[in-house]
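Have a look at the structure below before the remarks.
Please treat every number below as a calculation from the coordinates, not as lab data. Computed from a predicted model, the values in this text were never measured in an experiment.
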Amino acid sequence: MWTKIAERIAQATDRPFAIEQTRSVSGGCINQGYSLVGTDRT
């Protein structure tokens, strides 16, 4: 899943993106939310 998300971020920003860290954040009662830290950006 994370590889596909990183690929899509790279496509959308037209810059390379590699995920360095993920962490769960509050997403509500029925959703899951995540924070991604990538190369040179968050």
request  = Please list, in chain and number order, the residues 5+ apart from residue 38 or on another chain whose amide H is under 5 Å from its amide H, with Hs placed from the backbone.
outcome  = 20
key: Stretch gain in nm, segment residue 31-residue 18, where the contour uses 0.36 nm per residue and the Cα spacing is subtracted   = 2.3 nm
query = If you line up the long axis of helix 2-13 against the longest principal axis of the chain, both from Cα atoms, how many degrees apart are they, to the nearest 10?
reply = 60 degrees
query = How large, in Å, is the chain by the Kirkwood hydrodynamic radius built from its alpha-carbon pairs?
reply = 11.0 Å
